[in-house]
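Report on the following structure.
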Amino acid sequence: MKTSHAGIIGAGIIGASLAHRLAKSGARVTVLDAGLPASGASGASFGWLNASYFATPAHHHLRVAALQAHRALDLELATGTNWQGSLWWEDSGPAFDAFAASLGELGYPVHPLSRRAFQALEPTVANPPERALYLPGEGAVDAAGLTHTLLATAASHGAQVWLSCPATGFCQRAGRVTGVSTAQGPLAADHVIIAAGVATPALLAPLGFALPRLPRPGLMLQTRPIAPLIGHMLVAPGQEVRQTRRGHLIAPAAASHQADTAEAINSLPGDLAQSTLNRLRAAARRRSGTGARGLRVAPGSG
């Protein structure tokens, strides 16, 4: 019996996840990427695993299922996911109450915290909020590291990963896609899966498909390792931040990036990094020891 061959365009976290599952199930898998694994958005992800932000109840339930899948994957591959939970006080007043109520109605684990309770959990945060929400089921993952782990596991099951090999189009016969075109030649495949992120619309256009995709560029700031400062994902007004197990602070370098509508980055990365550091320092009771030196500012998806 012929083994089905899947050609996957894109070696980010989506393509790597598909490669892992398909190769483990016995399929023949080839992954193509124009650059390096996780070199795009996956390599600059904030890594927050949550279902607290959602568009509709159905979307929320999908995100809850994704959290469950991440927990199962963590048990399977020891992904290093940190299930530290989140502390949220992005809104106040009626908006705070509405957010808490919407999560409670959906059965999402959420615990209101007083100022004192918040201080007990995060004593280094200056001006702690009067009220906050503790979301214990949330966590964070190094998306780039997870991508590399998934690709390595897929390779152990026979998958091939072709880097610096961009897809230029599709092979077709009798109105059916039969493979992927590259500058080096065609790759025949029984199934072609596009996991190319922002490059997807251009790939689909010659086939007559228009895939709407909003450009939302962003920058992610990562400091050099520092002593333990925070133990949870912090979701404050205008700024989110987390600390990795190795001590790095990671934060979006654009305030309120969840609601960002910008289609271009019009500030220098160093200026955005410094502004983000200033916000973090203002939020801390003691100096974190971070500075302009030792920072890594990575392009992300906002």
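The values are calculated or read from the model by the stated rules, or taken from the named source; none is laboratory data. What you see is a predicted model; the values in this text were computed from it and never measured. Cβ atoms come from the backbone with ideal geometry, glycine included; neighbour counts cover every protein chain shown. The accessibility values were calculated without ligands, DNA or RNA, using every heavy atom of the protein model including side chains. Shrake-Rupley method; radii C 1.70, N 1.55, O 1.52, S 1.80 Å.
In the range 18-39, which residue that is within 19 Å of the chain's Cα centre (by Cα) and buried (at least 19 other Cβ atoms within 10 Å of the Cβ) is nearest to Q172 (Cα to Cα)? Going through the qualifying residues, I end up with D33.
Against the condition modelled with pLDDT under 90, farther than 29 Å from A55 by Cβ and in contact with a strand residue (DSSP E or B) (Cβ under 8 Å, 6 or more places away or on another chain), how does T290 come out, does it pass? Criteria met by T290.
Residues that are at pLDDT below 75 and either in contact with a helix residue (DSSP H, G or I) (Cβ under 6 Å, 6 or more places away or on another chain) or buried (at least 22 other Cβ atoms within 10 Å of the Cβ) (or both) within the range 239-266 comprise just one, A254. Considering every residue within the range 54-75, establish whether at least one is open to solvent by 10 Å² or more (accessible area, probe 1.4 Å), within 26 Å of P201 (Cβ to Cβ) and in contact with a helix residue (DSSP H, G or I) (Cβ under 8 Å, 6 or more places away or on another chain). Yes, some residue in the range 54-75 is open to solvent by 10 Å² or more (accessible area, probe 1.4 Å), within 26 Å of P201 (Cβ to Cβ) and in contact with a helix residue (DSSP H, G or I) (Cβ under 8 Å, 6 or more places away or on another chain).
Any idea which residue in the range 83-106 is farthest from Y53 (Cα to Cα), counting only those that are part of a helix (DSSP H, G or I) and small (G, A, S)? Top of the filtered list is G93. Each residue in the range 55-82 was checked for being in a loop (DSSP other than H, G, I, E, B) and under 15 Å from the mean Cα position of the chain (by Cα), and 3 pass. Of the strands (runs of 3 or more DSSP E) lying entirely inside the range 107-226, the ones with 1 or more residues being in contact with a Pro (Cβ under 8 Å, 6 or more places away or on another chain) and open to solvent by less than 70 Å² (accessible area, probe 1.4 Å) are found at 131-135, 160-162, 167-173, 176-182, 218-222.
When each of L22, L73 is tested for being in contact with a strand residue (DSSP E or B) (Cβ under 8 Å, 6 or more places away or on another chain) and closer than 30 Å to G179 by Cβ, the lone residue that passes is L22. Kindly establish whether A6 is open to solvent by less than 20 Å² (accessible area, probe 1.4 Å) and of a type outside the set (S, T, N, Q). Taking the combined requirement at face value, the residue satisfies it.
Give A95, A78, A100, A51 a once-over and let me know the one that is aliphatic (A, V, I, L, M), open to solvent by 30 Å² or more (accessible area, probe 1.4 Å), at pLDDT 95 or above and over 22 Å from Q222 (Cα atoms). Exactly one residue qualifies, and that residue is A95.
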